[in-house]
Amino acid sequence: MARRTVGVAMNGVTGRMGYNQHLLRSVLAIRQQGGVAVADGTVIWPEPVLIGRNEDRIRAIAERHGIERWTTDVGKALAEPDVEVYFDAQVTSARREGVLAAIAAGKHVYCEKPTAESLEDALDLARTAATAGVKTGVVQDKLFLPGLRKLKRLMDGGFFGRVLSVRGEFGYWVFEGDWQPAQRPSWNYRAEDGGGIVLDMFCHWQYVLRDIFGPVRSVQALTATHIPERVDEHGNAYAATADDAAYGIFELDGGIVAQINSSWATRVNRDELVEFHVDGTEGSAVAGLRHCRVQHRSITPKAVWNPDLPSPVDFRAQWQEVPDNTEFDNGFKEQWELFLRHVVLDEPWQWDLLAGARGVQLAELGLRSAAEGRRVEVPELTL
């Protein structure tokens with residue numbers, strides 16, 4: 001069996017997401033399964049070169065997983081003759097510099113979102129890559145979640161009839177950092193460091209809404225910093241200057257109205273950390289990370305509200321679980337496999353840096369909407 005090796009320079013793997021989802025559960029998992037098999041019997045084999053700012057931490061990760069090549073020098077990694085792909089999972093404020101260096105070196109680029117701190121910079125990255133003729137990809141992990149894949153299956157099968165509305169709830173309580181350590185790095189709560197839930201999550205909601213239901217045509221948002229002071233990783237109190245909650249209304253093609261609440265200051269009372277409730281003329285669904293439940297119009301019970309008596313109805317019991325009908329792999333790993341196939345085989349690919357710029361655009365317009373207190377149109381982006 002022939003092996004087609006693809007060198008991958010991985011920047012930012014000392015961070016939580018870069019290490020857990022991209023190195024451990026994606027690239028190393030692909031190697032553990034024997035690579036990515038293609039039709040002619042060839043196996044695509046990712047060969048990581050690790051990059052990190054902290055020499056001790058990046059060396060420790062390399063030694064832990066038997067990875068021979070690591071460096072603190074991005075230029076050195078990009079100069080490796082077998083490196084074809086540059087991956088970036090750094091903090092948002094550092095991403096642009098790394099991606100531009102990779103494009104200048106003629107490398108294909110795969111990166112986390114948001115791709116930049118501003119739409120201008122995000123579009124500049126997309127245009128620079130297009131001019132250079134390199135292939136690009138942006139992580140759109142939620143499209144590969146089992147629950148949302150089932151939801152997409154329902155859409156493709158016409159289950160909903162005409163979709164009326166989408167209601168999304170996302171979030172959990174992130175500890176302030178004083179009496180319990182916070183689950184997220186402190187930079188997430190400092191606007192000057194690229195933090196904020198709008199910049200983080202509206203990039204997700206853009207591709208989820210676009211790919212499953214249709215393009216976003218307008219946004220109206222209200223943001224808040226509910227927890228004004230937090231404690232960082234070193235035990236020092238700091239002012240939270242970034243939004244930690246956002247309440248958004250999005251109008252989609254076809255008149256679909258989507259309402260999504262995003263918060264790092266809410267306690268979870270739902271089945272999963274994110275859930276989408278979709279109502280259509282023919283049926284409804286509630287989809288989370290893994291599960292999806294439906295209720296068709298033909299079996300919709302007659303709901304009667306009587307404020308004088310407790311309801312005897314178990315409403316959740318009236319919904320049916322959508323079966324898996326397939327084996328679901330880690331969503332980050334699946335998208336990595338698709339991008340590697342795109343690089344090697346030139347297979348179709350839609351989640352490029354322009355797609356990433358759409359996410360930054362929605363975040364930027366959401367923040368403008370909140371600042372100006374008005375509904376803002378979302379124009380279609382082009383290079």
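The values are calculated or read from the model by the stated rules, or taken from the named source; none is laboratory data. Just so it is clear, the structure is predicted and the values come from calculations on it, not from any experiment. Because the Cβ atoms are built from the backbone with ideal geometry, glycine has one as well, and the counts that use them run over all protein chains shown.
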Just to confirm my filter: which strands (runs of 3 or more DSSP E) fall fully inside the stretch 97-177 and include at least 1 residues that are assigned by TED's automatic domain parsing to the domain that holds Leu338? 108-111, 136-138
With surrounded by 11 or more Cβ atoms within 10 Å (Cβ to Cβ) and either in contact with a Phe, Trp or Tyr (Cβ under 7 Å, 6 or more places away or on another chain) or not assigned by TED's automatic domain parsing to the domain that holds Gly161 (or both) as the only criterion, which of Leu289, Leu381 stands out? Leu381
Residue list for the stretch 254-295, filter: more than 21 Å from the chain's Cα centre (by Cα), under 23 Å from Ala221 (Cα atoms) and touching a residue at least 60 places away in the same chain (Cβ under 8 Å): Gly254, Ile256, Val257, Arg267, Asp279
In the stretch 1-39, residue surrounded by the fewest Cβ atoms within 10 Å (Cβ to Cβ) [restricted to those that are within 15 Å of Leu345 (Cα to Cα) and touching a residue at least 24 places away in the same chain (Cβ under 8 Å)]: Ala2
So, of the residues in the stretch 40-51 that are modelled with pLDDT of 95 or more and of a type outside the set (A, V, I, L, M), which turns out to be farthest from Leu345 (Cα to Cα)? Pro48
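Here's the yes/no breakdown for (1) closer than 30 Å to Thr326 by Cβ; (2) out of contact with any helix residue (DSSP H, G or I) (no Cβ under 8 Å at 6 or more places or on another chain); (3) without any contact (Cβ under 8 Å) to a residue 12 or more places away in the chain; (4) of a type outside the set (Val, Ile, Thr):
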| site | (1), (2), (3), (4) |
| --- | --- |
| Leu154 | yes, yes, no, yes |
| Gly157 | yes, yes, yes, yes |
| Asp178 | no, yes, no, yes |
| Arg190 | no, yes, no, yes |
| Gly196 | no, no, no, yes |
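Filter the stretch 32-61 for residues that are in a helix (DSSP H, G or I) and more than 26 Å from the chain's Cα centre (by Cα); which is nearest to Ala104 (Cα to Cα)? Quick ask: steps written out before the conclusion?
If we filter the stretch 32-61 for residues that are in a helix (DSSP H, G or I), which is where we start, we get 32, 55-61.
The next check asks that each one be more than 26 Å from the chain's Cα centre (by Cα); those that pass are 55-56, 59-60.
Values: Glu55: 25, Asp56: 28, Arg59: 27, Ala60: 30 Å.
If we take residues in the stretch 32-61 being in a helix (DSSP H, G or I) and more than 26 Å from the chain's Cα centre (by Cα), then Glu55 is nearest to Ala104 (Cα to Cα).
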